[in-house]
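The next block holds one structure in the form of structure tokens; read it before the comments.
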Amino acid sequence: MYFETHDLSVGYGGRPLIEKINLSIEKGRILTLIGPNGSGKSTILKTITKHLEKIAGVVTIENDNISKWSNKELAKRLSVMLTERIDPELMTCEQVVAMGRYPYTNHFGSLTPGDRQVVEESLHMVRAEELAERPFTDISDGQRQRIMLARAICQQPEIIVLDEPTSYLDIRHKIELLDILRKMAREKNVAVVMSLHEIDLAAKISDQIICVKGDRIRLFGTPEQVFTGERVKELYELESGSFNTLFGSVELMAPEGEPEIFVLAGAGKGIPIYRLLQKSKRAFSTGVLFENDVDLQVASALAAHVTVAPAFGTFGERELNEAKRWIDRARCVVDAGTPVGEQNRRSRELIQYARTEGKRVITGAEAFENIDAVPNGIQKEN
């Protein structure tokens, strides 16, 4: 392994916060720490970068104990982007990025033409060339994140450590930053160790995940091993809502009460309706959904009941009758607009049944135009 910790203990004032931390990462891979606020993710990162004194254990790069290295020696192998804000007065963004070359400069800090080229390449990599001449103190928080990343890249490290690098960034720049890290890992063979709050992004970009909670590491494994609904629920102590393993996203708490709405859905058409009803606190049932239908992923978290049919088949009398029973309990049927084909051709019977039974049938578009016209099935206390 390129980078490892062996029974590392971290904390403050000689008192351990987390003990027996054993992690490892190869070059070209991304390792992400996740966990609740205050769980110690930043403390671990600050300790492995020697910004904090370790309490016990060993940190190695290529089996060499880094505690004996000078800061300049370490800076040639490892760069850091922490959450602490810096306010360098009278410095342009280009000058801040150029600080990343100092481990390689002489005693006077003079930059060679080669150093300046690395600075330009680093600014280009984070798409911040237009910020080069602007004062660092005059740019936005999101732009500062990009400049600080450029400074870390400018060190030309073999390992880069980042503490919540997506903080302050809008969705576009989050994606761009993570794409940069992925390219660095793959194309430049750099090991990346970082913490993230966005577990959906962590699942998508990481090769390995560490779950931090309490006084120990709860789990160390691949995203597929870590990101299960139950493990995320336990790690973050979710009392309401749920984590969707397939989508890598969180669903909020399902509406309470008797479902007075039945949503005829499928093929992804139901998801916007489900979330609309959840936001307006209207309990609902839905169907008929096949086991491999994308709608089922959200319906299972938000619906009071889901009528499900086997994957790759057609639904028959059992599913039809079950759906009819839930339509009987409803006052309104929302037709989400699912395309009708051979597998779900009998869904037309459900629409006809609802009308025959005197149920109001509306389209999904009508529901979005006037959600107040959709029944509210929440049971209120007397």
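Here is how the numbers come out for the structure above:
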quantity	calculated
One residue from 230, 258 being farther than 30 Å from residue 114 by Cα, open to solvent by 10 Å² or more (accessible area, probe 1.4 Å) and assigned to a helix (DSSP H, G or I)	230
Scope the range 99-132; condition within 22 Å of residue 70 (Cα to Cα), modelled with pLDDT of 90 or more and over 29 Å from the mean Cα position of the chain (by Cα); matching residues	99, 101, 115
Pair list, Cβ < 6 Å and 6+ apart or interchain, from the range 136-154 residues that are open to solvent by 10 Å² or more (accessible area, probe 1.4 Å) to residues that are assigned to a helix (DSSP H, G or I) and not aliphatic (A, V, I, L, M)	142/173; 151/100; 153/122
Counted residues, the range 309-343 - those being open to solvent by less than 50 Å² (accessible area, probe 1.4 Å), assigned to a loop (DSSP other than H, G, I, E, B) and free of Cβ contacts under 8 Å to residues at least 60 places away in the same chain	5
Unmet requirement for residue 276, which otherwise passes all of (1) part of a helix (DSSP H, G or I); (2) open to solvent by 80 Å² or more (accessible area, probe 1.4 Å); (3) closer than 24 Å to residue 255 by Cβ	(2)
Options 270, 214: the member that is open to solvent by less than 60 Å² (accessible area, probe 1.4 Å) and either without any contact (Cβ under 8 Å) to a residue 40 or more places away in the chain or on the phi > 0 side of the Ramachandran plot (or both)	214
Residues of the range 181-204 satisfying the condition of being open to solvent by 10 Å² or more (accessible area, probe 1.4 Å) and at negative phi	182, 183, 186, 187, 188, 197, 198, 199, 200, 201, 203, 204
Qualifying residues in the range 1-57 (those that are of a type in the set (A, V, I, L, M) and over 26 Å from the mean Cα position of the chain (by Cα)) - the one least open to solvent (accessible area, probe 1.4 Å)	8
Residue list for the range 126-135, filter: over 21 Å from residue 89 (Cβ atoms) and touching a helix residue (DSSP H, G or I) at 6+ places or on another chain (Cβ under 6 Å)	126, 129
Counted residues, the range 328-374 - those being within 35 Å of the chain's Cα centre (by Cα) and among the acidic types (Asp, Glu)	4
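Rundown of residues vs (1) in contact with a Ser or Thr (Cβ under 9 Å, 6 or more places away or on another chain); (2) under 27 Å from residue 204 (Cα atoms); (3) modelled with pLDDT under 90, yes/no style:
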{"site": "28", "(1), (2), (3)": "no, yes, no"}
{"site": "48", "(1), (2), (3)": "yes, yes, no"}
{"site": "53", "(1), (2), (3)": "yes, no, no"}
{"site": "61", "(1), (2), (3)": "no, yes, no"}
{"site": "64", "(1), (2), (3)": "no, no, no"}
{"site": "81", "(1), (2), (3)": "no, yes, no"}
{"site": "87", "(1), (2), (3)": "yes, no, yes"}
{"site": "97", "(1), (2), (3)": "yes, no, no"}
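The values are calculated or read from the model by the stated rules, or taken from the named source; none is laboratory data. In this text the structure is predicted, and so the values were computed from the model without any measurement. Ideal geometry is used to build each Cβ from the backbone, glycine not excepted, and the neighbour counts take in all protein chains shown. Note: areas computed on protein heavy atoms with side chains; ligands, DNA, RNA excluded. Shrake-Rupley method; radii C 1.70, N 1.55, O 1.52, S 1.80 Å.
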